[in-house]
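Below: one structure in structure tokens.
The values are calculated or read from the model by the stated rules, or taken from the named source; none is laboratory data. Computed from a predicted structure; not experimentally measured. Counting neighbours? That spans all protein chains shown, and the Cβs are built from the backbone with ideal geometry, glycine included.
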Amino acid sequence: MQYKKNKNPHFILMGITLILITSGWYGTSLSFLIALVFQNQGLPLEAILLINFLPLPIGMISWISFFLDITLLRYRKKIVLGVTIIYIAIFYIIFLLLLWYNSDLIAEKLSPVDTSGKNPLLNSFILVYVFLFFITGIKFSLDTMKLDDLEMRLRGKFLLVAFPSYSIAGLFDSILPNSELTLILRAILIFSIIDFYFGFVLPKWIKRRAAH
């Protein structure tokens, strides 16, 4: 809707980013639904890993592209995006080779809704992904809060909550086994996605309340 009104390609990048940054949980979520409906063990490990990790790097590319455009670093865009794409291409090659050779070298399936990563490549990619998202997200949020426009400052406040809460909760959720803490982490992730939506889209009812 925002793109149709404004014809701004940045809204497409925002939409892609919002959809893909949560893809790390798509596989286990789908596996849970299949296990619930068919009363089985859900998806095989290979399918979970493919669904979780194939879309995730694309979310990184869309976010980096959006960040460079918005922060007026377009003159560095080709270099930064080039390095990012090379890094992601290397990740894809190694990930798919390991998945084809032996998926147990990447992760272990503990239950229909829980996998445990045990490969340094995968774990390092997650760390780099979270670090980049956290640092660039904080900078973008703070820059947005410095603008004169009241609406943009409000967006920045939502994003300043969304980026660190998503990054920290997502990191711990990916490296820790399922426990009572998992429910808290997943709740934080859900609220962070809502904050992302408010920060990027800012519904009219929030605008009206802020105006008063």
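So which of L110, L121 ends up being aliphatic (A, V, I, L, M), over 24 Å from Y197 (Cα atoms) and without any contact (Cβ under 8 Å) to a residue 40 or more places away in the chain? Please lay out each step first, then the result.
On the way: L110 fails: without any contact (Cβ under 8 Å) to a residue 40 or more places away in the chain.
From the options L110, L121, the qualifying one is L121.
Only residues that are part of a loop (DSSP other than H, G, I, E, B), within 22 Å of S23 (Cβ to Cβ) and touching a helix residue (DSSP H, G or I) at 6+ places or on another chain (Cβ under 9 Å): list them for the stretch 135-187, please.
Residues of the stretch 135-187 that are part of a loop (DSSP other than H, G, I, E, B), as a first pass: 146-149, 176-179.
Filter again for within 22 Å of S23 (Cβ to Cβ), leaving 176-178.
Passing the criteria: only L176.
Can you pull out the residues in the stretch 100-134 that are more than 22 Å from I21 (Cβ to Cβ) and assigned to a loop (DSSP other than H, G, I, E, B)?
Of everything in the stretch 100-134, those that are more than 22 Å from I21 (Cβ to Cβ) and assigned to a loop (DSSP other than H, G, I, E, B) turn out to be N102, P112, K118.
Please go through the stretch 189-204 and give me each residue that is aliphatic (A, V, I, L, M) and buried (at least 17 other Cβ atoms within 10 Å of the Cβ), ordered by number. Break it down stepwise before answering.
Let us first name the residues in the stretch 189-204 that are aliphatic (A, V, I, L, M), namely 189-190, 193-194, 201-202.
If the condition is that a residue be aliphatic (A, V, I, L, M) and buried (at least 17 other Cβ atoms within 10 Å of the Cβ), then L189, V201, L202 are the ones that fit.
OK, next. If you check K157, K207, which single one turns out to be at pLDDT 85 or above, surrounded by fewer than 19 Cβ atoms within 10 Å (Cβ to Cβ) and not aliphatic (A, V, I, L, M)?
Working: K207 fails: at pLDDT 85 or above.
Of the residues listed, the single one that is at pLDDT 85 or above, surrounded by fewer than 19 Cβ atoms within 10 Å (Cβ to Cβ) and not aliphatic (A, V, I, L, M) is K157.
Look through the stretch 114-154, keep the residues that are aliphatic (A, V, I, L, M) and surrounded by 19 or more Cβ atoms within 10 Å (Cβ to Cβ), and return whichever of them is farthest from V80 (Cα to Cα).
First, pick out the residues of the stretch 114-154 that are aliphatic (A, V, I, L, M): 121-122, 126-128, 130, 132, 135, 138, 142, 145, 147, 150, 152, 154.
Remaining after also requiring surrounded by 19 or more Cβ atoms within 10 Å (Cβ to Cβ): 122, 154.
Numbers: L122: 21, L154: 29 Å.
Per the criteria, the residue is L154.
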